[in-house]
């Protein structure tokens, strides 16, 4: 398997720095698990940038594979204070950002992923099986092809 395929990430080893920067601005979660959740989501969705979604026109975009409907929903429902913080610290005006821009910026992908998870009132679980089930329930949903077992395997392999 190639070490890297895209999404603007120079090396998978840099993903924790991007995720940490995003969580420093948008919050680490009630139990401090947001960085872990972002990295594990990216490990499941793109093997931390090593796997490119083969769907024509990129149904899922970016390091965390956000789909167009989810992208629009996150931006529409994100708190103004969070949108302001993203613009102030990272320079992204999310209300004028295009879905396709996720492909070129791991930072932007983690921002959208973190904002997505902030919309869920339930805190991040503290154990891997719990986070896998949380990802499946909220991020991948019943309609998604991913499984809890696959998530656990990908986290162990790529994180």
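The values are calculated or read from the model by the stated rules, or taken from the named source; none is laboratory data. What you see is a predicted model, and the numbers here were worked out from it, not measured in a lab. Positions of Cβ are backbone-derived with ideal geometry, glycine not excepted, and every protein chain shown enters the neighbour counts.
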remark   = If we ask which residues in region 27-59 are in contact with a helix residue (DSSP H, G or I) (Cβ under 7 Å, 6 or more places away or on another chain), closer than 16 Å to residue 140 by Cβ and surrounded by fewer than 22 Cβ atoms within 10 Å (Cβ to Cβ), their number turns out to be 1
remark   = Here the residues within region 21-40 that are more than 19 Å from residue 81 (Cα to Cα) and assigned to a helix (DSSP H, G or I) are 35, 36, 37, 38, 39, 40
inquiry  = Could you go through region 53-61 and let me know if any residue there is modelled with pLDDT under 95, part of a loop (DSSP other than H, G, I, E, B) and under 16 Å from residue 158 (Cβ atoms).
reply    = yes
remark   = Going through region 109-131 in order, the residues found to be in a helix (DSSP H, G or I) and touching a residue at least 24 places away in the same chain (Cβ under 8 Å) are 109, 110, 111, 112, 113, 114, 115, 116, 117, 118, 128, 131
request  = Identify all residues within region 127-147 that are under 23 Å from residue 68 (Cβ atoms) and buried (at least 16 other Cβ atoms within 10 Å of the Cβ); write none if there are none.
outcome  = 134, 135, 136, 139, 140, 146
ask   = Mind checking which residues of region 66-93 are in a loop (DSSP other than H, G, I, E, B), modelled with pLDDT of 95 or more and surrounded by 14 or more Cβ atoms within 10 Å (Cβ to Cβ)?
value = 78, 92
task = Would you point out the residue of region 1-20, among those that are exposed (fewer than 15 other Cβ atoms within 10 Å of the Cβ) and part of a helix (DSSP H, G or I), that is modelled with the lowest pLDDT?
result = 13
ask   = From the set of residues in region 137-149 that are within 17 Å of residue 63 (Cα to Cα) and assigned to a helix (DSSP H, G or I), which is modelled with the lowest pLDDT?
value = 140
